[in-house]
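Novice: I have a structure here, written as structure tokens, and I will follow up with some questions on it.
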Amino acid sequence: MAIRLGDTAPDFTASTTQGEINFHEWLGDSWGVLFSHPKDFTPVCTTELGYVARIKPEFDKRNVKVIGLSVDPVESHERWEGDIEETQGTAVNFPMIGDPDRTVAGLYDMIHPNADDTLTVRSVFVIGPDKKVKLTLTYPASTGRNFDEILRVIDSLQLTAYKKVATPANWKFGDDVIIVPALSNDEAKELFPDGWDEQKPYLRVTKQPS
Ligand code: BEZ
């Protein structure tokens with residue numbers, strides 16, 4: 001069954017490069033990013049994992065835990081990590097799930113048989129502290145993902161969760177934002193004392209809250 005936004009992220013216990021974890025316990029009160037890659041010792045995946053390792057401080061700053069997955073076993077991930085560090089210049093600093101029996105891949109519908117019946121596609125799930133799925137992305141094996149975009153979405157999700165604003169097309173951190181339609185003008189006055197530009201009753205633009 002496909003996972004939809006708002007669903008509870010399926011829980012599981014799995015072996016990882018940092019020991020056995022129970023996913024929900026491991027997440028604790030943090031946000032999470034679970035992402036799959038097709039196969040160990042492959043070029044695009046090598047660049048992706050190196051990049052995620054390099055920007056991990058950006059995930060930490062946002063209280064986001066990152067975890068990777070492929071259907072290869074943990075021992076294979078561990079051998080591959082040497083190549084990632086050597087070629088990408090950063091050691092992998094987050095756990096990678098070994099999923100040879102495809103338990104987690106099955107729970108998260110990460111194998112798309114009409115694309116490839118054995119390898120996981122490039123899935124991304126962003127999970128909130130309430131364990132609900134906030135974003136899903138699926139990329140083909142041949143296209144490396146834009147992890148800066150994933151950080152941008154997390155910024156947007158956190159602004160909505162904590163500051164009651166949504167973000168417009170092509171928004172970048174620091175740009176103006178939109179007061180969520182669910183907020184009445186009376187409620188908005190409390191949260192946005194400096195006001196807003198009401199372009200339409202449903203389109204209220206304001207400075208990005210800090
Ligand atoms: C890669 O990571 O480079 C890759 C993996 C599977 C198929 C194609 C490319």
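Novice: Need the failing condition index for MET96 against (1) under 20 Å from the mean Cα position of the chain (by Cα); (2) farther than 25 Å from PHE23 by Cα, just the number.
Specialist: Of everything listed in (1) under 20 Å from the mean Cα position of the chain (by Cα); (2) farther than 25 Å from PHE23 by Cα, MET96 misses just condition (2).
Novice: What residue, among those in the range 140-163 that are within 11 Å of the ligand (Cβ to nearest atom) and open to solvent by 50 Å² or more (accessible area, probe 1.4 Å), is nearest to SER70 (Cα to Cα)?
Specialist: This residue is ALA141.
Novice: If you take the residues of the range 66-87 that are in a helix (DSSP H, G or I) and polar (S, T, N, Q), which of them is least open to solvent (accessible area, probe 1.4 Å)?
Specialist: My answer is SER76.
Novice: Taking strands (runs of 3 or more DSSP E) that fall entirely within the range 3-59, which contain at least 2 residues that are more than 16 Å from ILE127 (Cβ to Cβ)?
Specialist: Output list reads 13-16, 19-22.
Novice: Further question: What pairs come out if I take residues in the range 35-51 that are more than 10 Å from the ligand (Cβ to nearest atom) and pair them with residues that are not in a helix (DSSP H, G or I) whose C-beta lies under 6 Å away, six or more apart or interchain?
Specialist: As it stands, the answer is PHE35/GLY68; PHE35/VAL124; SER36/LEU69; SER36/MET110; SER36/THR120; SER36/SER123; GLY50/THR90, since those pairs meet every condition given.
Novice: Out of ASP99, ASP60, ASP117, which single residue is out of contact with any strand residue (DSSP E or B) (no Cβ under 8 Å at 6 or more places or on another chain) and farther than 28 Å from THR160 by Cα?
Specialist: Within the list ASP99, ASP60, ASP117, the selection yields ASP117.
Novice: While we're on this one: Return only the number of the condition from (1) in contact with an Asp or Glu (Cβ under 7 Å, 6 or more places away or on another chain); (2) open to solvent by 40 Å² or more (accessible area, probe 1.4 Å); (3) under 20 Å from LEU151 (Cβ atoms) that ALA169 does not satisfy.
Specialist: So ALA169 meets the others, but not (1).
Novice: On to the next question. Being crowded, with 22+ Cβ neighbours inside 10 Å, out of contact with any Leu (no Cβ under 7 Å at 6 or more places or on another chain), at negative phi and among the small types (Gly, Ala, Ser) is the requirement here; does SER36 meet it?
Specialist: No, not satisfied.
Novice: Would you mind finding the one in ASP117, ASP175 that is open to solvent by 40 Å² or more (accessible area, probe 1.4 Å) and within 16 Å of the ligand (Cβ to nearest atom)?
Specialist: Within the list ASP117, ASP175, the selection yields ASP117.
Novice: Would you pick out the residues in the range 16-33 that are open to solvent by less than 60 Å² (accessible area, probe 1.4 Å) and among the polar types (S, T, N, Q)?
Specialist: Selection gives THR16, THR17, ASN22, SER30.
The values are calculated or read from the model by the stated rules, or taken from the named source; none is laboratory data. Since this is a predicted model, take the numbers as computed values, not measurements. Here Cβ is always computed from backbone atoms with ideal geometry, including for glycine, and neighbour counts include all displayed protein chains. Just the protein is used for accessible areas: all its heavy atoms, side chains included, with ligands, DNA and RNA removed. Shrake-Rupley method; radii C 1.70, N 1.55, O 1.52, S 1.80 Å.
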